[in-house]
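S.K.: Here you go, one structure.
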């Protein structure tokens, strides 16, 4: 087995201290430490550092910590799925469905203003007269014309002449 | 038998709020301590720890147990801590390392859990306090990533694979990072190290 260099110790020294090396690697490190005073000293000093770090006391979270976490969690908005956005409640969903049905029914219903082609052609032909309808109905000279003579009054007049 | 972290998180995902309480109870202390040692301010550490739990809760619906829960948890915590440290770096530089103990709110925050039993007389207590302060300041002087690596390795006892995922580096890079951090601590704490090595 090759003797390990000091440079390779860099990546192994903490694993060695933690006892996380494989047996073969641990033996390799121990073999190096037996022959290298500098690395051996470093391992001891690193152990001392680790031991000093153990001296730091722990702090306890404040009594209000849990209460504040719970309050923040409780203040979180309730997450809704995408389906919840589409159907917030059965009543609204039912109302939406009925509205959609009404729109479809109105759209498919035959229009009351439908005109057959023959009538449409006649209307087009009379359109100039219809456009002047207001003028013709309010044309003053026409009001001076004598009333049209009907057959019935004529018969009455003939009867009167005969009696005379 | 206690449910695993992953099982608790899956139960939270299924809507069990009580499982979230168990995770909170299990990790509040490690998180607050980790964040306190990262940011050196108790109030800020607690705010960040709350934010970590909140993010865990928010992410419950998308949670997939692809890694260890602690890896995920401390990754969130580390990212928050690193951002916070970077944001407040200039403020932190202004804090005097020589400020009196009573005036140093950060030092004053630290309440050893069993001081009374460990330090029967005041002189020993003061010596221990001075040592603690020196160690804290040595950790504080480490670059942020080295500090995070040491804290996760030493206090959370996470394995190298987990820490390297949290810090987003290779295992080899992590070992190198830890080596440099321990080297810096060894130099910074030389008087205590020499004393310790003799014992």
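S.K.: Within region B:30-42, can you find the residues that are more than 9 Å from chain A (Cβ to nearest Cβ) and over 13 Å from residue B:78 (Cβ atoms)?
M.R.: Residues satisfying the conditions are B:40, B:41.
S.K.: If a residue has to be away from every other protein chain (no Cβ under 14 Å), in contact with a helix residue (DSSP H, G or I) (Cβ under 6 Å, 6 or more places away or on another chain) and part of a helix (DSSP H, G or I) to count, how many in region B:58-73 make the cut?
M.R.: The qualifying residues number 2.
S.K.: With (1) outside any helix (DSSP H, G or I); (2) surrounded by 16 or more Cβ atoms within 10 Å (Cβ to Cβ) as the list, and residue B:149 as the residue in question, which single condition is left unmet?
M.R.: Result: residue B:149 fails condition (1) only.
S.K.: For region A:67-80, name all the residues that are exposed (fewer than 10 other Cβ atoms within 10 Å of the Cβ) and either farther than 15 Å from residue B:55 by Cα or within 7 Å of chain B (Cβ to nearest Cβ) (or both). Don't jump to the end; show me each part of the working.
M.R.: The first filter runs over region A:67-80 and keeps only residues exposed (fewer than 10 other Cβ atoms within 10 Å of the Cβ), leaving A:74-75, A:77-80.
Residues satisfying the conditions are A:79, A:80.
S.K.: I need the helices (runs of 4 or more DSSP H) fully contained in region B:154-198, keeping only those with at least 2 residues that are facing chain A (nearest Cβ under 9 Å) and buried (at least 17 other Cβ atoms within 10 Å of the Cβ). Before you say what the answer is, go through the steps one by one.
M.R.: Details: elements: B:160-166, B:171-188, B:190-198.
Filter on region B:154-198 gives B:171-188, B:190-198.
S.K.: Looking at A:12, A:91, which is the one that is within 30 Å of residue B:137 (Cα to Cα) and either at pLDDT below 95 or more than 13 Å from every other protein chain (Cβ to nearest Cβ) (or both)? Show your work before the answer.
M.R.: Numbers: A:91 fails: within 30 Å of residue B:137 (Cα to Cα).
Sole residue among the options that is within 30 Å of residue B:137 (Cα to Cα) and either at pLDDT below 95 or more than 13 Å from every other protein chain (Cβ to nearest Cβ) (or both): A:12.
Every residue, every condition in (1) within 11 Å of chain B (Cβ to nearest Cβ); (2) more than 20 Å from residue B:155 (Cα to Cα); (3) touching a residue at least 12 places away in the same chain (Cβ under 8 Å), yes or no:
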| position | (1), (2), (3) |
| --- | --- |
| A:23 | no, yes, no |
| A:28 | no, yes, yes |
| A:33 | no, yes, no |
| A:47 | yes, no, yes |
| A:53 | yes, no, no |
| A:56 | yes, no, no |
| A:60 | yes, no, no |
| A:65 | yes, yes, no |
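The values are calculated or read from the model by the stated rules, or taken from the named source; none is laboratory data. Here the structure is a predicted model, which is why all the values come from computation and not from measurement. We place every Cβ from the backbone using ideal geometry, glycine too, and count neighbours over all the protein chains shown.
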